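Report on one structure; see the data block that follows.
The values are calculated or read from the model by the stated rules, or taken from the named source; none is laboratory data. Quick caveat, the model's predicted, so the values are computed rather than measured. Please note: Cβ atoms are built from the backbone with ideal geometry, for glycine as well, and neighbour counts cover all protein chains shown.
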Amino acid sequence: MREFKNLRRELIYWLLLAIVLLWAFFPIAYIAISSFKLPMNVWNYPPTFAGPFAFDNYRDLILSRPDYFAHLKNSLIITGGVALMTLSCSILAAFAFSRFKNKSLRIPALFIITVRLVPPIVITVPLFPLFNSLGLIDKHITLVMLYSAFMVSLATWIMKAFIDGVPAELEEAAMIDGCSKLQAFVRITLPIAVYGVVAVVIFTSIFAWNEYLFAFIFTSSMARTAPVSLAEFVAAVMGVRWGSLLAASIIHLFPIMVLTWLIQKHLVKGMSLGAIK
């Protein structure tokens, strides 16, 4: 009787999991398949996964919207810059919050949390005239700074959680052997907490890759990103070219999926080690 109950519970679990996965991945799968359909068949009703299939939408995207690939390149540059800048700031801040127990650190800790709670639209009003006067409108570095400032708080607390899991005695042993506190952190603690770095890279990259508001307000052409470019498909004067929009959406989705797939095993391994500790 108990085995029957366990089997039923497991079947229900897998059934619910299958429903959730189907709900989550059906729109993505439908968009991916529709991007290979002929433009006249994209919105057939009832929806179908059947062909015929072709590369017409991708060919049309290359010919009609070559600027989209320049915007995609901008997104790659900005995302990489955000990941590097956020890591550089958050690792050192997390080290300070984790290893130095000082009441004076409560103020910056509270500040970075408060910054994360502020809605992004609130700070665009005072920042736009400031950046405009400094000549920072439509610059890659502008979005890198904005995204990093917005994500450094979350990244800091993620890194702090991983650094807290590394015994401070390891650093003390390295310091006895002649390392400074910073050298002990870089050589001993940081390699152990590398899975926190992986987590930060994933979260910051996803945010920077998909962010729309700052990119829309602070860029015009030279630093325009792919999400803003995708929105321009819908606002086209000659009507929406749905086939090209679907193809562009899949291209936009592909790099971040590859990044997540390449490093997710390290993230899962780090979470497993954290659970064991």
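The single residue among T48, T124, T114 that is among the β-branched types (V, I, T), in the same structural domain as F26 (by TED's automatic domain parsing) and either loosely packed, with under 13 Cβ neighbours inside 10 Å or under 21 Å from P227 (Cβ atoms) (or both) turns out to be T48.
Quick one: would you say K139 is at pLDDT below 85 and more than 24 Å from A199 (Cα to Cα)? Outline the logic, then answer.
Values: at pLDDT below 85: no; more than 24 Å from A199 (Cα to Cα): yes.
No.
Residues in the stretch 193-215 that are surrounded by fewer than 16 Cβ atoms within 10 Å (Cβ to Cβ) and either over 14 Å from the mean Cα position of the chain (by Cα) or at pLDDT below 85 (or both): how many? So the answer is 2.
Every condition in (1) outside the structural domain of S220 (by TED's automatic domain parsing); (2) closer than 30 Å to A223 by Cα holds for Y68 except the one numbered (1).
Check off (1) loosely packed, with under 13 Cβ neighbours inside 10 Å; (2) of a type in the set (F, W, Y); (3) free of Cβ contacts under 8 Å to residues at least 24 places away in the same chain for W43 and give me the number that stays unchecked. Looking at each condition in turn, W43 falls short on (3).
Scanning the stretch 73-93 for residues that are aliphatic (A, V, I, L, M) and either over 17 Å from A208 (Cα atoms) or surrounded by fewer than 17 Cβ atoms within 10 Å (Cβ to Cβ) (or both) yields a total of 6. Of S98, S35, all but one fail to be surrounded by 15 or more Cβ atoms within 10 Å (Cβ to Cβ), among the hydroxyl-bearing types (S, T, Y), assigned by TED's automatic domain parsing to the domain that holds H252 and in contact (Cβ under 8 Å) with a residue 24 or more places away in the chain; the exception is S98.
Do we find that A215 is part of a helix (DSSP H, G or I), touching a Pro at 6+ places or on another chain (Cβ under 8 Å), closer than 21 Å to L253 by Cβ and touching a residue at least 60 places away in the same chain (Cβ under 8 Å) in this structure?
yes
One residue is enough: does the stretch 219-226 have a residue meeting the conditions over 15 Å from the mean Cα position of the chain (by Cα) and free of Cβ contacts under 8 Å to residues at least 40 places away in the same chain? No, the stretch 219-226 has no match at all.
Look at F25 and say whether it is closer than 30 Å to R187 by Cα and either in contact (Cβ under 8 Å) with a residue 24 or more places away in the chain or in a helix (DSSP H, G or I) (or both).
No: the conditions fail for F25.
Selection of the stretch 127-139 for residues being surrounded by fewer than 15 Cβ atoms within 10 Å (Cβ to Cβ) and touching a residue at least 60 places away in the same chain (Cβ under 8 Å) yields only F128. Only residues that are within 18 Å of H252 (Cβ to Cβ) and part of a helix (DSSP H, G or I) were counted across the stretch 28-58, and they come to 9. Scanning the stretch 51-84 for residues that are touching a Lys or Arg at 6+ places or on another chain (Cβ under 9 Å) and over 27 Å from I141 (Cα atoms) yields G51, P52, F53, A54, D56, N57, D60, L61, S64.
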